[in-house]
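Trainee: Below: one structure in structure tokens.
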Amino acid sequence: MAQTSAQKCYICTEKNGVFYCYECLHALCAVCRERHDKVPALSGHTIVDINVIDLSNVQSDKYRCNTHEKDFLYYCAKCSDLICGKCVTSSHKGHSFSDISEIVSEKRKAAQTALQKLKSKIEALSSVEDTVRGKHLEKLQFDGQVVINDIESTFEELHTFTKSKKDIKKLEVEDNERIEQQSIELFLKNTGLIHDRYDKVFTALQNILCEKHDITFYKFYNAIDKDVTFLDDIPKEPMLPCVPSLDKTTLYTEILEYIQSKVDTRICKNCITQEKKLVDIVEEKKQLERDVDDITAKLNAESNEVKRLSISIEEMQTKYTMKQEENNSLSKEMKLLKERSISDTHISKSAVNGSGRSGRRRRSRYQGNDEDWTQVISTPTSSIIRLLSPPRAITTTSQHDNFICTECHSSNPSSAKFCKYCGSAV
């Protein structure tokens with residue numbers, strides 16, 4: 001942690017220290033830093049700017065060996081800890097150790113790798129933050145505004161509908177009031193006419209009562225009496241005007257039907273028959289889908305069975321081909337054996353008779369005397385075939401002057417020209 005230096009130079013003790021030597025654990029001014037570097041024994045010390053380090057941590061005891069109070073010089077690989085020179089011959093004796101610079105180099109590489117990984121993760125986090133801050137917030141605001149507009153338009157529609165219903169209900173009341181008012185006005189008008197006639201007759205009777213002349217009174221009275229007779233009856237008081245009260249149930253029902261019309265997607269809302277047909281069609285569609293799924297499953301199972309049978313057929317065809325090849329091979333061997341058997345029969349006959357071209361050929365090939373030839377022709381046919389074949393090596397032993405026949409592995413005298421057991425030629 002950077003801080004302003006308040007320490008004096010350890011060497012000159014006058015100027016403020018601007019550098020710090022980790023090995024000397026002292027502050028140095030610029031001039032004394034140059035003197036310090038000229039000392040060969042101090043040339044490898046680590047010197048840094050004093051303003052970029054935390055002196056409270058650097059000057060603490062954790063940079064020295066707690067046991068021997070010496071500077072750390074080595075790194076113990078077994079204990080994974082820093083040790084001083086005395087630790088090498090005491091508590092860490094026999095342990096493998098190395099210079100601190102080596103382990104620090106490895107740790108620096110590990111720190112660099114960790115730094116790169118953290119940098120990549122920080123970049124990824126920044127990208128996520130930018131995306132969320134830009135895209136998500138923008139989408140949130142946009143979607144929120146869309147919903148708010150939808151709410152306002154919905155309530156505007158609802159308000160418009162309710163307002164229209166309110167106007168209709170008010171208009172109904174006003175129409176009823178106008179009709180009732182016209183009826184009352186008509187009643188009052190008729191009643192006024194009747195009242196006027198009564199007033200006229202009443203006035204006429206008052207006037208005629210003032211007439212002193214009898215004949216005049218009589219004539220006028222008869223005329224007025226007719227008017228009194230034909231006067232209309234006094235109309236009865238009409239019923240009080242009735243203003244229909246608000247049918248809230250009907251109003252709420254109409255509002256609910258309007259709201260239901262906004263959320264109901266049925267084809268026909270007022271036709272129960274069509275609605276039932278639609279329900280039946282939907283149910284039939286679901287049943288058909290289930291049937292299709294069942295048939296598809298069966299077809300898949302049959303397809304798998306066909307594949308399995310096809311594989312079995314291919315395996316059987318392969319086995320059949322192999323058996324055919326074996327049969328062909330056996331047929332060839334049988335044919336060859338048959339030919340050899342016929343040939344052996346002919347050779348045997350020729351050898352026994354001692355005549356014929358084959359017998360003469362075998363006799364000409366044999367270089368022995370007649371007695372030996374007689375022994376040859378008395379041997380079995382297989383031995384004769386061996387006789388006519390090129391000579392084979394005979395294994396002999398040096399201890400007893402005998403030879404071992406390579407055909408039957410029997411011991412024979414060294415002077416014999418044929419094996420006395422199988423008849424093979426020497």
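The values are calculated or read from the model by the stated rules, or taken from the named source; none is laboratory data. Computed from a prediction, not measured in an experiment: that's the story for all the values here. Ideal geometry is used to build each Cβ from the backbone, glycine not excepted, and the neighbour counts take in all protein chains shown. Protein only, heavy atoms only, side chains kept; ligands, DNA and RNA dropped before computing areas. Shrake-Rupley method; radii C 1.70, N 1.55, O 1.52, S 1.80 Å.
Trainee: If the viscosity is 0.692 mPa s and the temperature 37 °C, what Stokes-Einstein diffusion coefficient in µm²/s follows for the stretch 95-182 when Rh is the Kirkwood radius over Cα pairs?
Mentor: Values: Rh = 20.4 Å.
Result for D is 161 µm²/s.
Trainee: Name the long-range amide H neighbours of SER410: under 5 Å, sequence gap of 5 or more, or other chain; modelled H, no Pro or chain starts.
Mentor: Residues meeting the amide H criterion: CYS405.
Trainee: Next question, about the same structure. Provide the gained length on full extension for the span ASN51 to LYS276, in nm with one decimal, where the gain is 0.36 nm per separating residue minus the Cα-Cα distance. Let's see the in-between values first.
Mentor: Details: separation 225, 0.36 × 225 = 81.00 nm, distance 8.84 nm.
Roughly 72.2 nm would be gained on extension.
Trainee: Okay, next question. Over the heavy atoms of GLU211, what accessible area does a 1.4 Å probe trace out, to the nearest 10 Å²?
Mentor: Number for this one is 80 Å².
Trainee: On to the next question. Given R₀ = 41 Å, what would the calculated FRET efficiency be for VAL132 paired with VAL263, taking r from the Cβ atoms and rounding to 0.05? Walk me through the numbers before you get to the answer.
Mentor: Values: r = 34 Å, r/R0 = 0.84.
My answer for the efficiency is 0.75.
Trainee: Residue by residue through the stretch 131-136, what is 3J(HN,Hα) from phi via Karplus (6.51 cos²θ - 1.76 cosθ + 1.60, θ = phi - 60°)? Round to whole Hz and write x for glycine and proline.
Mentor: Each residue of the stretch 131-136 in turn: 5, 5, 5, x, 6, 5 Hz.
Trainee: Test of understanding: what is the full-extension gain from ASP37 to LYS139, defined as 0.36 nm times their sequence separation minus their Cα-Cα distance? Numbers along the way, then the final one.
Mentor: Details: separation 102, 0.36 × 102 = 36.72 nm, distance 6.34 nm.
Full-extension gain reported as 30.4 nm.
Trainee: Roughly speaking, what is the stretch gain from LEU188 to HIS95, that is 0.36 nm per residue apart minus the C-alpha to C-alpha distance, in nm to one decimal?
Mentor: On the way: separation 93, 0.36 × 93 = 33.48 nm, distance 13.00 nm.
Additional length available on full extension: 20.5 nm.
Trainee: I'd like the Karplus ³J(HN,Hα) series for the stretch 277-284: coefficients 6.51, -1.76, 1.60, θ = phi - 60°, whole numbers in Hz, and an x wherever there's a Gly or Pro.
Mentor: Computed from phi, the couplings for the stretch 277-284 are 4, 5, 4, 5, 5, 5, 5, 5 Hz.
Trainee: Rounded to the nearest whole Å², what accessible area per residue is found for the stretch 156-252 with the 1.4 Å probe?
Mentor: Numbers: 8350 Å² over 97 residues.
Value returned for the stretch 156-252: 86 Å² of accessible area per residue.
Trainee: So, by mean Cβ neighbours within 10 angstrom, what's the order for 77-89, 125-137 with the highest one leading? Walk me through the intermediate numbers first.
Mentor: On the way: 77-89: 15.2, 125-137: 10.4.
Packing order, densest peptide first, comes out as 77-89, 125-137.
Trainee: Can you list the lysines whose alpha carbon sits under 28 Å from that of LYS8, skipping same-chain ones fewer than 8 residues off?
Mentor: LYS38, LYS62, LYS70
Trainee: If you plug each phi of the stretch 324-331 into the Karplus form 6.51 cos²θ - 1.76 cosθ + 1.60 with θ = phi - 60°, what whole-Hz ³J(HN,Hα) values come out, in order, with x for Gly and Pro?
Mentor: After applying 6.51 cos²θ - 1.76 cosθ + 1.60, I find 4, 4, 4, 4, 4, 5, 5, 5 Hz.
Trainee: Among the lysines, select those whose C-alpha is under 19 Å from the C-alpha of LYS169, and discard any that sit fewer than 8 residues away in the same chain.
Mentor: Within reach: LYS248.
Trainee: Under a straight-distance cross-link criterion of Cα-Cα below 17 Å, which aspartates and glutamates are reachable from LYS226, leaving out those fewer than 8 residues away in the same chain?
Mentor: ASP196, ASP199
Trainee: Rounded to the nearest 0.05, what FRET efficiency do ASP344 and ILE404 give with R0 = 35 Å and r taken as the Cβ-Cβ distance? Could you check? Let's see the in-between values first.
Mentor: Values: r = 27 Å, r/R0 = 0.76.
Once the sixth-power term is evaluated, E becomes 0.85.
Trainee: Right, something else. If you average the C-alpha positions of the stretch 250-264 and of the stretch 95-127 separately, how far apart do those two centres end up, in angstrom?
Mentor: Measuring centre to centre over Cα atoms gives 71 Å.
Trainee: Quick one: which residues, 5 or more positions from HIS26 or on another chain, have an amide H under 5 Å from its amide H? H modelled 1.01 Å from N in the peptide plane, none for Pro or chain starts.
Mentor: Amide H neighbours of HIS26, under 5 Å, 5+ apart: CYS21.
Trainee: Moving on to the next point. Given R₀ = 45 Å, what would the calculated FRET efficiency be for ASN176 paired with LEU231, taking r from the Cβ atoms and rounding to 0.05?
Mentor: Values: r = 34 Å, r/R0 = 0.76.
About 0.85, to the nearest 0.05.
Trainee: Check which residues have an amide H placed less than 5 Å from ASP81's amide H, if you skip close sequence neighbours.
Mentor: Residues meeting the amide H criterion: CYS76.
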